[in-house]
1. Is there any pair with a first residue in the range 94-107 that is closer than 14 Å to Val127 by Cα and a second that is surrounded by 18 or more Cβ atoms within 10 Å (Cβ to Cβ) and β-branched (Val, Ile, Thr) whose Cβ atoms are under 6 Å apart and which are 6 or more apart or on different chains, and what are they?
2. Could you check Ile110 against (1) farther than 22 Å from Asn26 by Cα; (2) among the β-branched types (Val, Ile, Thr); (3) free of Cβ contacts under 8 Å to residues at least 40 places away in the same chain and say which number it fails?
3. Spot the failing condition for Ala132; the list is (1) in contact (Cβ under 8 Å) with a residue 24 or more places away in the chain; (2) under 21 Å from Gly38 (Cβ atoms); (3) not polar (S, T, N, Q), and only one is missed.
4. For the subset of the range 21-36 comprising residues that are of a type in the set (S, T, N, Q) and modelled with pLDDT under 90, which member is surrounded by the most Cβ atoms within 10 Å (Cβ to Cβ)?
5. Return the total of residues in the range 55-107 being among the polar types (S, T, N, Q), in contact with a Gly (Cβ under 6 Å, 6 or more places away or on another chain) and closer than 21 Å to Glu29 by Cβ.
6. Can you pull out every residue in the range 32-74 that is within 21 Å of Thr115 (Cβ to Cβ) and without any contact (Cβ under 8 Å) to a residue 12 or more places away in the chain?
7. Taking the range 94-127, which residues are within 17 Å of Cys48 (Cα to Cα) and of a type in the set (Val, Ile, Thr)?
8. When only residues in the range 74-129 that are surrounded by 15 or more Cβ atoms within 10 Å (Cβ to Cβ), among the polar types (S, T, N, Q) and more than 18 Å from Thr45 (Cβ to Cβ) count, which is modelled with the highest pLDDT?
Amino acid sequence: MKFKLTFFCFVLLFTNAACQKYTLDNMPEQQIHFGEGGGITGAITEYCLLKNGQLFNKKHFTEDFKAYKKVKKRAAKKAFKTCKKIEIEKIQVDNPGDKYYYIAYETKDIKHKITWGGSQQKPPVEVIELYATLKSLTVAEK
């Protein structure tokens, strides 16, 4: 009987920790921000991806982030692993154009942003591929 109770408590504790939901007041240190902006209107669309699969978005500087959708946790973790694999914090690209794109990677110790769109400097192909993967997470599933 003690074993069953202990096991039940362990499962309950593990399930709670695994299903952590964050709010804007309680965000984890590890985040990937990505988006695009510029053009005639100068409008910006930004997304914030968390490792647990939560995705937030905002459309202007004046808006706060809002819960957007939940993506597969596996896909979110893969994006974070890709950031580590390509050592995104070492990639130095800051060349916005009229229409620009960006990825910002944040951890406890790192806050790094890559911006491109201008004709002078392009990011490595791995960054372009990561952006395409991140952007695909924002598309509604059918």
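1. Cβ pairs passing all conditions: Asp94/Thr115; Tyr100/Thr115; Tyr102/Thr115; Ile103/Ile114; Tyr105/Ile32; Tyr105/Ile88.
2. The one condition Ile110 does not meet is (1).
3. Among (1) in contact (Cβ under 8 Å) with a residue 24 or more places away in the chain; (2) under 21 Å from Gly38 (Cβ atoms); (3) not polar (S, T, N, Q), Ala132 violates only (1).
4. Among those residues, the one meeting the criterion is Thr23.
5. Counting residues in the range 55-107 that are among the polar types (S, T, N, Q), in contact with a Gly (Cβ under 6 Å, 6 or more places away or on another chain) and closer than 21 Å to Glu29 by Cβ gives 0.
6. Ile40, Thr41, Gly42, Thr62, Glu63
7. Ile103, Thr107, Ile110, Ile114, Thr115, Val127
8. Selected residue: Thr82.
The values are calculated or read from the model by the stated rules, or taken from the named source; none is laboratory data. Computed from a predicted model, the values in this text were never measured in an experiment. Methodologically, a virtual Cβ is constructed for each residue, glycine included, from the backbone with ideal geometry; neighbour enumeration extends over all protein chains shown.
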